[in-house]
Amino acid sequence: MKPRAARAAFFLLLLVIAAWGIVLFGMGPSAIIERIGISQGYLLAFVAAAIGGFSSLTAAPFFALIAGLSAAGLHPLLLGVAGGAGLTIGDSLFFWLGKTGRTALPTKTKRRQERWAAWLAKRPAWLIPLIVLVYASVVPLPNDILTVSLGLAGYQYRLMIVPLLLGDIAFTTLVAFTGAEAWEAIATSLA
């Protein structure tokens, strides 16, 4: 891809992500649940994760949505699978953003990116997938920092996707279980 086309694709994707973030942040999880309904909750979890759970701006409403769906009676493990699969799609977009954006980097930043890629290449083959799994499973931050960095470094997508998917499922399941427990605790304390 030519640098000019890569820059255009990069900024177009950023614009789409920002627009989705504004829409989802503006609506909030309760309005989304009211519009779509509980019966389509698993599909809602998947779609909300795919378009809104991967960004710093929209992560909080997405996880509130998962907690609310779990508290409403949907199975936390199934919510974790649906939401985790959706998150992985969103994280993959950020990986692609890093991969395509590296051609548009300034020279100074490109040198840093090349050092980062060299550092990754020196690590054992099992280490980076393990880091991806642990980060996606337990770190309560969006995975976009990790996936963009790996994309910039030219890391192979096929080595990252399975640990990322498993980590996203684990984290979303944890949110679903703890969200349901939190809702019950709040309801009990208010009764």
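The values are calculated or read from the model by the stated rules, or taken from the named source; none is laboratory data. Keep in mind the model is a prediction, meaning the values are calculated, not measured. Neighbour counts are summed over all protein chains in view; Cβ atoms, including those assigned to glycine, are modelled from backbone coordinates with ideal geometry.
Quick notes on this structure:
- Filter result (over 22 Å from residue 72 (Cβ atoms) and either of a type in the set (A, V, I, L, M, F, W, C) or crowded, with 22+ Cβ neighbours inside 10 Å (or both)) within segment 156-178: 159, 160, 161, 162, 164, 165, 166, 167
- None of 130, 120 is within 30 Å of residue 63 (Cα to Cα) and in a helix (DSSP H, G or I) except 130.
- For residue 140, the conditions (1) at pLDDT below 85; (2) more than 28 Å from residue 3 (Cβ to Cβ); (3) in a helix (DSSP H, G or I) are fulfilled apart from (3).
Matching residues to (1) under 24 Å from residue 137 (Cα atoms); (2) modelled with pLDDT of 75 or more; (3) part of a helix (DSSP H, G or I):
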{"position": "16", "(1), (2), (3)": "no, no, yes"}
{"position": "19", "(1), (2), (3)": "no, no, yes"}
{"position": "23", "(1), (2), (3)": "no, no, yes"}
{"position": "27", "(1), (2), (3)": "no, no, yes"}
{"position": "55", "(1), (2), (3)": "yes, no, no"}
{"position": "62", "(1), (2), (3)": "yes, yes, yes"}
{"position": "66", "(1), (2), (3)": "yes, yes, yes"}
{"position": "79", "(1), (2), (3)": "yes, yes, yes"}
{"position": "98", "(1), (2), (3)": "yes, yes, yes"}
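- Filter result for the condition that a residue is closer than 18 Å to residue 156 by Cβ and surrounded by fewer than 20 Cβ atoms within 10 Å (Cβ to Cβ), over 125, 64, 85: 125
- For segment 103-149, filtering for residues that are free of Cβ contacts under 8 Å to residues at least 60 places away in the same chain and farther than 30 Å from residue 178 by Cα leaves 22.
- Residues of segment 142-159 that are over 14 Å from residue 90 (Cα atoms) and under 16 Å from the mean Cα position of the chain (by Cα): 149, 150.
- So residue 84, is it more than 19 Å from residue 167 (Cβ to Cβ) and among the small types (Gly, Ala, Ser): no
- Screening residue 125 against (1) farther than 14 Å from residue 87 by Cα; (2) at pLDDT below 85; (3) outside any helix (DSSP H, G or I) leaves a single unmet condition, (2).
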